[in-house]
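Reviewing the structure listed below.
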Amino acid sequence: MKKNYFNINKNNIIKLFNEKKFNKISKISKIILEKFRNDTDLLYLIIISEINCNNLIKAENLTNDLLNIKKSREIHYLLGNILKLQNKNEEAILAYKNSIELDETFSEAYNNLANVQKKINQVDEAYNNYEKAIKYNKKNLQAYFNLANLFRSEKKFDMAIVNFKNVINIDQNFAQAYSNIGQIYASLGNILEAEKYIQLAIDKDEQHVESYKNYFLLKKIKEDDKNYLKLKEIIVDDKIKGIEKQNMLHCLSKASFDIGKTQEGFTYLEKANQLKLAEVKFSYKKTEKSYKRLIDIFSNIQTSKKIFFDKYNSYPIFILGMPRSGTSLLEQIISNHSMVYGGGELSLFTNTMNKFDNELDFHFLDALKKIRQDYLFNLNKLSVKKYITDKLPGNFKFIGIILESIPEAKIIHIERNPMAVCWSNYKSNFLNNNGMEYTLRQKDTAEFFISYNNIMKFWNGKFPEKIINIKYENLVDNFELEVKNLFKNLNLKWEDQVLKFYDNARSVETASFLQVRKNIYKNSSEEWKKYQNYLSPMIEVLTKHNIKF
């Protein structure tokens, strides 16, 4: 490529930048740097271009070069943003602090500093810096929004709502803020307020997909529902693409099943899933391989009653099994006990395993100690109650690790009719959830169930006295007896209020938020039969593996 082809001068470079031709600037960046070595304005444009081309290491190096020429709050801030994009969190924090050192009123730097601190679980520091961002700019909408989300993630819902309303005071058309308030009210069981705010979000932005998703979860849709009719009009717009279109199709699928248009429901569902499948790669064989590794590890070791000398105030009650098997109902019952705090779907054990998983193959006992300390340290931040529920269904794969590293833990496994649970997984909207890609095809959903079933057989054989197994159908058919047996197995003193789980005021932030506010519905495991003519791929896999349903 000849140099003179581009007629490189400052005005032409600026013109390319204004036209967002970042790739062109990146391609000729070396020539620009040779010709305009000390021009900080052009160097800045090259850095922004490299960021837009996702050449982050190059952008980082150029920003450091720029800092050698000129130090300013903006350049340190830019470096922080580049480092943040690369997950170089500690370095990003330092860059933002350098920016603030040059200007202690730099609101945006405080906001982004807090974003990184939140990501690495420096929660107190994040609170402090969001508040400083707001202190120095009362109109910093993003700081209010991020602070609200932090309060929400910490289950401080009153303060979350206050700050989402602060966002709305600055921008009355900020649909996501209305939607988030609606989601909080839904999780707390205040359905009227939830519907009010979610409807406001749709009114502010009729293409705000998340609001439709939440609205359609709130109720059984009728054929004349205005949002259902509106969504049917919007979906034909060719401009709607990607995850937005996938979620809209899923909403229409749910509505079609509600109305009784079964064929239409499956058509929308399969379209949504096919669009998602074009973006992701999934094979249940990868799942099988990861489970086999755990089974191999525990097949080759002798379990024992380990003694750990570190003591904690709180210990976990793990509630696990297939998603949509009744874990939310169980948690609602158990957390109604005075000695139990409902933790919800915690990612704590997964995060811990991500840190120490590789060490299990080489330093098993040392890895167990690290897993124990890391998990229990973070769990104990949530509550001072004796027990904290950890209701992440997928933790079933880690049962051996849990029992070997935290012998004080209680483990409750709930199982449900295989077709009922597979159908519920397949029809539910998990498009935004990493790790749930198996729900996109009926065959994969059933194969995943087989892998889950096999590893649970192994754990029950390896730890026959350590796992409390509950059948969902027995729980709903003989509710009081099953619940009393459960608390007996947990060694928790009986309290009558646990039977009134629907009065439990704690938040429920899963798709089951409506069901757990109502009394027991006994026949839900039979509903799949209405659709069995459409579920042949699922039925064939389960039948092939001799799974009874």
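The values are calculated or read from the model by the stated rules, or taken from the named source; none is laboratory data. In this text, all values refer to a predicted model and were calculated from it rather than measured experimentally. Glycine gets a Cβ as well: all are built from the backbone with ideal geometry, and neighbour counts include every protein chain shown. Heads up: the accessible areas ignore ligands, DNA and RNA and are worked out on the full protein's heavy atoms, side chains in. Shrake-Rupley method; radii C 1.70, N 1.55, O 1.52, S 1.80 Å.
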remark   = If we keep only residues of the stretch 76-121 that are buried (at least 22 other Cβ atoms within 10 Å of the Cβ) and free of Cβ contacts under 8 Å to residues at least 24 places away in the same chain, then the residue nearest to Asp39 (Cα to Cα) is Leu79
inquiry  = Cβ-Cβ under 7 Å, sequence separation 6+ or interchain: first residue in the stretch 534-549 and on the phi < 0 side of the Ramachandran plot, partner outside any helix (DSSP H, G or I) and not hydroxyl-bearing (Ser, Thr, Tyr). Which pairs?
reply    = Leu542/Phe549; Phe549/Asn417
query = Can you pull out the residues in the stretch 260-289 that are crowded, with 17+ Cβ neighbours inside 10 Å and of a type in the set (A, V, I, L, M, F, W, C)?
reply = Phe266, Leu269, Ala272, Leu275, Phe282
ask   = What's the number of the condition Glu195 fails, among (1) surrounded by 21 or more Cβ atoms within 10 Å (Cβ to Cβ); (2) farther than 25 Å from Lys239 by Cα?
value = (1)
Every residue from the stretch 360-396 that is surrounded by 23 or more Cβ atoms within 10 Å (Cβ to Cβ) and among the charged types (D, E, K, R) = Arg372, Asp390, Lys391
message = On the basis of being part of a strand (DSSP E or B), open to solvent by 10 Å² or more (accessible area, probe 1.4 Å) and either over 29 Å from Thr439 (Cα atoms) or free of Cβ contacts under 8 Å to residues at least 40 places away in the same chain (or both), does Tyr341 make the cut?
response = yes
ask   = Of all the helices (runs of 4 or more DSSP H) wholly in the stretch 137-220, which have at least 3 residues that are closer than 30 Å to Asp103 by Cβ?
value = 141-153, 157-170
message = From the list Glu206, Glu210, exactly one residue is surrounded by fewer than 18 Cβ atoms within 10 Å (Cβ to Cβ) and under 15 Å from Glu244 (Cβ atoms). Which is it?
response = Glu206
message = Please count how many residues of the stretch 486-500 are open to solvent by less than 70 Å² (accessible area, probe 1.4 Å) and either more than 20 Å from Tyr315 (Cβ to Cβ) or without any contact (Cβ under 8 Å) to a residue 12 or more places away in the chain (or both).
response = 1
remark   = Going through the stretch 38-75 in order, the residues found to be among the acidic types (Asp, Glu), within 22 Å of Phe106 (Cα to Cα) and either surrounded by 14 or more Cβ atoms within 10 Å (Cβ to Cβ) or touching a Gly at 6+ places or on another chain (Cβ under 8 Å) (or both) are Glu60, Glu74
query = Do we find that Lys281 is under 22 Å from the mean Cα position of the chain (by Cα) and in a helix (DSSP H, G or I) in this structure?
reply = no
task = Kindly indicate whether any position in the stretch 299-306 is assigned to a strand (DSSP E or B) and touching a Pro at 6+ places or on another chain (Cβ under 7 Å).
result = no
request  = Please identify the pairs in which a residue from the stretch 162-189 that is farther than 21 Å from Gln207 by Cα has its Cβ atom under 6 Å from the Cβ atom of a residue that is polar (S, T, N, Q), counting only partners at least 6 apart or on another chain.
outcome  = Ser187/Ser507; Leu188/Ser507
note = Expected single match for at pLDDT 95 or above, open to solvent by 20 Å² or more (accessible area, probe 1.4 Å) and over 21 Å from Lys245 (Cα atoms) among Asn173, Asn163, Asn190 is Asn173
request  = Identify all residues within the stretch 481-515 that are modelled with pLDDT of 95 or more and either in a helix (DSSP H, G or I) or closer than 28 Å to Glu526 by Cβ (or both); write none if there are none.
outcome  = Leu481, Glu482, Val483, Lys484, Asn485, Leu486, Phe487, Lys488, Asn489
request  = Starting from the stretch 17-32, take each residue that is assigned to a helix (DSSP H, G or I) and list its partners that are among the polar types (S, T, N, Q), counting only C-beta distances under 6 angstrom and pairs at least six apart or across chains.
outcome  = Phe22/Ser49; Phe22/Asn52; Ile25/Ser49; Ser26/Ser49
message = Would you confirm whether or not the stretch 403-413 contains a residue that is touching an Asp or Glu at 6+ places or on another chain (Cβ under 7 Å) and either farther than 28 Å from Glu447 by Cα or open to solvent by 10 Å² or more (accessible area, probe 1.4 Å) (or both)?
response = no
remark   = Exactly one of Lys139, Lys119 is among the charged types (D, E, K, R) and at pLDDT 95 or above, and that one is Lys139
query = Residue check, Asn474 against (1) over 27 Å from the mean Cα position of the chain (by Cα); (2) outside any helix (DSSP H, G or I), all met but one. Which one?
reply = (2)
